[in-house]
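All of the numbers you see were taken from the coordinates with simple rules; none came from a lab. Just so you know, these numbers come straight off a predicted model, no measurement behind them.
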Amino acid sequence: MLNEAEIEEVAEAIRAEFGRGYTDFGTFRSHAIAAIKAVERARDPVRADYKLRCEDCGRSHYLDCSLPSEIWNQIARPENVLCTMCIDARLAAKGLKAECEFYYAGEALTSKLYERVREQEAVDGEH
């Protein structure tokens, strides 16, 4: 939910970007949604070294999880990028449950899976 300052930011973005007169609600609605999404993306920046966003909700994709392929393939295509919350929602919508391993690396926090992948990338890069 946007706070008052963010709502005003959206209103200003709509006025600045789409300040022409609207003749139909559909055009106004699509422009308003685009402005809201722009504000939400600005509130949720991506990491400089990991510039991915979820294809469903648009959130920064910084907390990944690893699922068995037989589960993933029931909810997404191999090339899809989904945040953990949208993965969970897709699983729930299909009545599926799965155990995952979280994959994250920040400035002070990391995960074993992240470290294993980085080590494998280093080995692969040597060959």
Practice item. Can you spot the lysines whose alpha carbon is less than 25 Å from LYS51's alpha carbon? Ignore those fewer than 8 places along the same chain. Key: LYS37, LYS112
Exercise for review: Step through the residues of segment 65-77 one at a time and calculate ³J(HN,Hα) from phi using the Karplus curve (6.51 cos²θ - 1.76 cosθ + 1.60, θ = phi - 60°), rounding each to whole Hz and writing x for Gly and Pro.
Suggested key: 9, 9, 10, x, 4, 5, 7, 3, 5, 7, 10, 7, 8
Study note, to complete from the structure: Between GLU101 and residues 5 or more places away or on another chain, the pairs with built amide H atoms under 5 Å apart involve SER66
